[in-house]
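J.: Next up is a structure, given as structure tokens.
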Amino acid sequence: FPQLGAALREVRACLREGARLVFSIPCAQLRGEACPPPAPVQLALARIGRRLFGRDPSPAGPVLDRLELIDRGCRAGFALGAEKTVDLTASQGELLDLMQVPALGARLYPEASAERRDRWIAQARTAVDPSETTQIRWWCATFVADPIFERDPV
């Protein structure tokens, strides 16, 4: 969410007290979190992106640390219910398929046309074994819509 605070406030406004919002983000997008080395497909996407677009991919979202995310959730009217990190196994092909979702791939190179991004993904697909698996670490949190906290601008 480019406007994370506004998005959290909007979600909070739609939920009754006690409702839960489950939030997850790859640890690679969080400052200060340990994560496995980049997957081969991530390295290929960056290398090919530099060649096609002249720069590294933009971050896929705001790069914050988890305490900042928790604070933003609390300021939007949520209380932290629980949090944990989870290692998920994904294939290189699955990760490439995710890049075709505009909310992900288009965020990395927003100035590029859909055709140029498709070419980027196709070239990366030939550079890796799509069946090879890798570990992606996710930070997962459950926020509870809490009437105790007064909502203020995030």
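J.: Filter segment 61-97 down to the residues that are of a type in the set (A, V, I, L, M), surrounded by 14 or more Cβ atoms within 10 Å (Cβ to Cβ) and either in a helix (DSSP H, G or I) or in contact with a Gly (Cβ under 7 Å, 6 or more places away or on another chain) (or both) and list them by number.
T.: Matches in segment 61-97: L69, I70, A76, L80, L95, L96.
Residue by residue, here is whether (1) modelled with pLDDT of 95 or more; (2) out of contact with any Leu (no Cβ under 9 Å at 6 or more places or on another chain); (3) under 21 Å from L30 (Cα atoms) holds:
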| position | (1), (2), (3) |
| --- | --- |
| R75 | no, no, yes |
| K84 | yes, yes, yes |
| R117 | no, no, no |
| R125 | no, no, no |
| Q135 | no, no, yes |
| W138 | no, no, yes |
| A145 | no, no, no |
| P153 | no, yes, no |
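J.: OK, next. Determine whether P57 is under 17 Å from the mean Cα position of the chain (by Cα) and either over 27 Å from F143 (Cα atoms) or open to solvent by 50 Å² or more (accessible area, probe 1.4 Å) (or both). Outline the logic, then answer.
T.: On the way: under 17 Å from the mean Cα position of the chain (by Cα): yes; either over 27 Å from F143 (Cα atoms) or open to solvent by 50 Å² or more (accessible area, probe 1.4 Å) (or both): yes.
Judged against the criteria, P57 is a match.
J.: Would you be able to say whether some residue in segment 18-33 is over 21 Å from E132 (Cα atoms), of a type outside the set (A, V, I, L, M) and assigned to a helix (DSSP H, G or I)? Break it down into steps so the answer makes sense when it comes.
T.: Step one: of segment 18-33, the residues over 21 Å from E132 (Cα atoms) are 18-25, 29-33.
Still in the running and of a type outside the set (A, V, I, L, M): 18, 20, 23-24, 29, 31-33.
Going one step further and asking which of them are assigned to a helix (DSSP H, G or I), we end up with 29.
Yes - at least one qualifying residue is present in segment 18-33.
The values are calculated or read from the model by the stated rules, or taken from the named source; none is laboratory data. The structure displayed is predicted, hence computed values, not measured ones. Counting neighbours? That spans all protein chains shown, and the Cβs are built from the backbone with ideal geometry, glycine included. Surface accessibility is based on the protein's heavy atoms, side chains included, excluding ligands, DNA and RNA. Shrake-Rupley method; radii C 1.70, N 1.55, O 1.52, S 1.80 Å.
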